[in-house]
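Reviewing the structure listed below.
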Amino acid sequence: MSRSKISVYVLLVVLILLMIAAPSMLLLTFAGLLFAILLNAGGSRISAATGMSERAGVIVFALLMAAMLVVMGVWFTPSVAEQVDQLSDAVPKALERLEGWLNHYQWGQDMMARLSIEDLMTGSFRSTATSAVTTTFGGLGNLVIILFIGLYGALEPGVYRRGLIALLPPETSGRGEEVLRRSASQLRHWLKAQFLSMAAVGVLTALGLWAIGLPLPFLLGVIAALLAFIPNIGPILACLPALSLALPNGMVMVVWVLAVYICVQTLESYLLTPLIQRHEVHLPPALIISVQILLAALFGILGLALATPLTALAIVLVREIYVRDYLERGARTAGQSRDAGPSAAE
């Protein structure tokens with residue numbers, strides 16, 4: 001067995017062991033890699049426009065992102081805080097209206113009978129609340145880890161790239177660099193397409209909800225844009241708070257809200273996304289849904305959120321390593337051997 005095959009098998013075994021022992025670490029590292037690619041792409045554009053080094057461009061781009069978040073926070077925090085307060089007041093009223101509607105039906109009364117108020121005061125509820133707080137702080141810690149991985153990865157990409165290439169045999173290092181470059185390019189194109197799609201979904205959702213007179217259209221548009229990061233499932237989750245706000249205004253408003261979200265999702269799925277993917281990256285929808293279900297079942301919300309970029313990366317690796325380096329090269333080698341056989345016989 002050649003050294004190149006042995007090195008590939010060793011890397012696969014190590015990767016499988018890490019997936020079994022510490023899957024969250026791998027997912028957080030991959031999320032940090034996505035953030036590093038984002039910072040690197042923005043820094044490269046600044047570097048090309050100003051003539052500064054790429055490292056300085058990454059720092060400037062990171063500072064611009066931080067400044068933009070601060071400005072948005074100062075500008076929109078009062079209105080968003082007011083809308084969040086309104087949402088927190090409106091949701092309980094919507095739930096009360098839903099409870100009253102359910103009580104008109106026997107099946108609704110049976111369901112409500114199983115949901116007693118006393119259940120909320122039990123120790124299991126307190127345990128659930130404690131778990132929710134712990135999960136929140138854990139999520140903030142994960143966010144900090146992703147930010148630091150992305151920042152250091154964007155500032156010193158060559159160090160990590162050379163480290164990965166050093167794990168390969170010298171005769172395959174050139175091919176390894178090519179695969180890494182194409183993988184990064186695929187993820188960069190996916191990020192660009194994803195942010196364009198998210199922005200379009202947020203703007204269209206906010207305008208549509210404002211047009212039908214639903215409260216808090218800006219906040220709901222932001223929620224829709226953020227959840228659009230998760231294709232197929234994100235729009236369904238984004239629709240739930242809007243429906244809870246529409247219930248107190250009657251079924252007519254509920255129908256209008258559903259119509260807005262269906263129209264936005266239709267435009268995004270059949271017009272915006274195909275136009276964007278025509279210039280960026282194309283991923284099979286059935287494959288994405290299958291990977292989302294698998295990773296959500298195995299790793300929870302983080303696996304669900306990263307399912308699409310992981311699929312994009314896997315497609316490149318399968319095409320470059322398995323199809324081109326194994327199948328096509330093996331077929332060419334077999335064909336050359338058959339051609340050489342008759343020549344040698346002559």
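Coordinate-derived values only; no laboratory data. Owing to the predicted nature of the structure, the values given are computational and were not obtained by experimental measurement. All Cβ positions, glycine included, derive from the backbone under ideal geometry; neighbour counts span all protein chains shown.
Taking the Cα atoms of the stretch 130-272, the ratio Rg/Rh between the radius of gyration and the Kirkwood radius comes to 1.15. Multiplying the residue separation of A21 and S185 by 0.36 nm and subtracting their alpha-carbon distance yields 56.1 nm. Between V254 and I289, the simple label model (points 7 Å from Cα in the Cβ direction) yields a spacing of 2.5 nm. Computed from the Cβ-Cβ distance with R0 of 51 Å, the FRET efficiency linking F218 to L327 stands at 0.50.
If you take the square roots of the eigenvalues of the alpha-carbon gyration tensor of the stretch 236-328 and sort them as a ≥ b ≥ c, do you get rounded (a/c under 1.5), prolate (a/b over b/c) or oblate? Oblate, since a/c reaches 1.5 and b/c is not below a/b.
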